[in-house]
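Enquirer: Would you mind keeping the following structure in view while I ask a few things?
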Amino acid sequence: MTALLAPTPTAQGLFDRRFRGLSVGMVALISLLAFEALAVATAMPTIAHALDGLRLYALAFGGPAAAGVVTMVVAGMWSDARGPAAPVRHGVAWFVVGLVVAGTAPNMVQFVIGRVLQGLGSGLLIVALYVVVARVYPEALHRRVFAAFAAAWVVPSLVGPAIAGLIVQYVGWRWVFLAVPALAVPAVLLIRPALRGMGDQPARRLVPGSVRRIGWACGAAVSAGLLHVGGQQHGTLEVVLIVSALAGLGLCVPRLLPAGVLRAARGLPTVIALRGLAAAAFVGAEVFIPLLLTRERELAPALAGAALAAGAVSWSLGSWVQGRVRQPRSRATLPRVGLLLMAAGIAAAAPLMLATAVPVVLGIVAWAVAGLGIGLAYPSISVLTLELSEPQEQGRNSSALQLSDSLSGATVLAFTGGLLAATTAPGPGTYLAGFAVATGLALLGGLVAGRVNPRT
């Protein structure tokens, strides 16, 4: 075991002097993105009441998600054409402006505008940071960088909602937004030297069809927004919105991803497909867990949240492990093992959590196994994306990776909403059906993972 976890030989480590400021700054920025995404969910009921904006409640979530779809595509094109420095700077700037606009909003309309600006910044930033990783760090450190990115989500997922709740209760909901820019400034100062060193590269000619891709991205963004809003409606309106959104996604998304993603063509298309399958499987199961544990096992919300925390911690552990094991002989090994662990953990979690004769802790352990699996799979998929990308396509393919993640998660959440809405009170059959779909998605990913290896 010691030999297996021996560090990959590298001339420098992730936090050695050359990379320390950039590594800390990037991890801090991703942590702020994660905190804001989680904190808003906690604060939104209070915000909607204070601004009399319940009718725009869904749009406050769907708006930034839709805006991010467009800027993910723009960030990929921009990074490939001029380098990632400018998209990073603009991403941080728009994210901070959005925080200020939302935090000072006198009404719900301005609040939603601020949230949309946040989404624009987040989409630019996350894609451009992937390109920074490709351009600055040696390939031997890529798995560790993405492990650090994954860990940057863990602390916010564990303490973010609680901190946001305390801020809302004792300071005021506006400070959930207005406090974050003060934390973003030091992070930007840390990454600034690296960005200055990279500079803006000489302009490359855009790939033919790039302008059309922005149009398709706008179509996908509108569809993603409709999907989010539709999932919070009821009756005929819900069906019409979701069906229209899925049709729009079916038309637009294939034009934003590498050819062959939907049929898992060998090489990069399969890598992009695996990211979507992993995201959909994990989110599709995770959304049921608090509901199942509180309704069927009568656990307090805090204890139900502990199950999600167990998955977050094991996700971080899996990311740490994949960053320190020796490079497997096959590119497929880590994604395959991760996705199969996810399938096993999800398949076991539902029946163990539902069986009243079984200690609920066993179901939580099963969910932790699923978290370990996605921790192994996610960073290794990110590494493969850069490894299989030509330098002039790193932005475009990083954009496709994030789109696959975001849009597949939104789609499975729409399915989940429909499944829950189909019954007046969800029972064991509802939970088992949801977990079965999530298990199938993870298992499918494990079965096709070998296709990440291009034909020789």
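Enquirer: Return the residue satisfying two criteria in turn: it lies in segment 344-390 and is outside any helix (DSSP H, G or I), open to solvent by less than 50 Å² (accessible area, probe 1.4 Å) and of a type in the set (A, V, I, L, M, F, W, C), and of such residues it is nearest to residue 266 (Cα to Cα).
Expert: 388
Enquirer: Which ones in segment 317-342 are assigned to a helix (DSSP H, G or I) and open to solvent by 30 Å² or more (accessible area, probe 1.4 Å)?
Expert: If the condition is that a residue be assigned to a helix (DSSP H, G or I) and open to solvent by 30 Å² or more (accessible area, probe 1.4 Å), then 317, 320, 321, 333, 336, 337, 340, 341 are the ones that fit.
Enquirer: Whether any residue in segment 317-325 is modelled with pLDDT of 85 or more and basic (Lys, Arg) is what I want to check. Please lay out each step first, then the result.
Expert: As a first pass, look at segment 317-325 and keep what is modelled with pLDDT of 85 or more: 317-322.
Applying the additional criterion that residues be basic (Lys, Arg) yields none.
Taking every residue of segment 317-325 in turn, none turns out to be modelled with pLDDT of 85 or more and basic (Lys, Arg).
Enquirer: Oh, and also: Would you check if residue 249 is at pLDDT 85 or above and touching a Ser or Thr at 6+ places or on another chain (Cβ under 7 Å)?
Expert: Numbers: at pLDDT 85 or above: yes; touching a Ser or Thr at 6+ places or on another chain (Cβ under 7 Å): yes.
So residue 249 passes the test.
Enquirer: Of the conditions (1) open to solvent by less than 10 Å² (accessible area, probe 1.4 Å); (2) farther than 25 Å from residue 160 by Cα; (3) of a type in the set (Gly, Ala, Ser), residue 13 clears all except one; give me its number.
Expert: Of the numbered conditions (1) open to solvent by less than 10 Å² (accessible area, probe 1.4 Å); (2) farther than 25 Å from residue 160 by Cα; (3) of a type in the set (Gly, Ala, Ser), the odd one out for residue 13 is (1).
Enquirer: Just for segment 168-183: of the residues that are in a helix (DSSP H, G or I) and modelled with pLDDT of 85 or more, which one is farthest from residue 24 (Cα to Cα)? Before the answer, list the steps.
Expert: Filtering segment 168-183 down to residues in a helix (DSSP H, G or I) leaves 168-170, 175-178, 180-183.
Checking the rest, the ones that are also modelled with pLDDT of 85 or more come to 175-178, 180-183.
Numbers: 175: 24, 176: 22, 177: 22, 178: 22, 180: 16, 181: 17, 182: 16, 183: 13 Å.
Among those residues, the one meeting the criterion is 175.
Enquirer: Regarding segment 384-406, can at least one residue be identified that is touching a Phe, Trp or Tyr at 6+ places or on another chain (Cβ under 9 Å), at pLDDT 80 or above and within 19 Å of residue 290 (Cβ to Cβ)?
Expert: no
Enquirer: A further question on this structure: Among the residues in segment 277-293, are any open to solvent by less than 10 Å² (accessible area, probe 1.4 Å), of a type in the set (Gly, Ala, Ser) and touching a His at 6+ places or on another chain (Cβ under 9 Å)?
Expert: Within segment 277-293 (the criterion being open to solvent by less than 10 Å² (accessible area, probe 1.4 Å), of a type in the set (Gly, Ala, Ser) and touching a His at 6+ places or on another chain (Cβ under 9 Å)), the answer is no, since none of the residues qualifies.
The values are calculated or read from the model by the stated rules, or taken from the named source; none is laboratory data. Since the structure is predicted, the reported quantities are computational estimates derived from the model, not experimental observations. Note: ideal-geometry Cβ built from the backbone for every residue, glycine included; neighbour counts use all protein chains shown. Side chains are part of the model used for accessible areas, which takes the heavy atoms of the whole protein and leaves out ligands, DNA and RNA. Shrake-Rupley method; radii C 1.70, N 1.55, O 1.52, S 1.80 Å.
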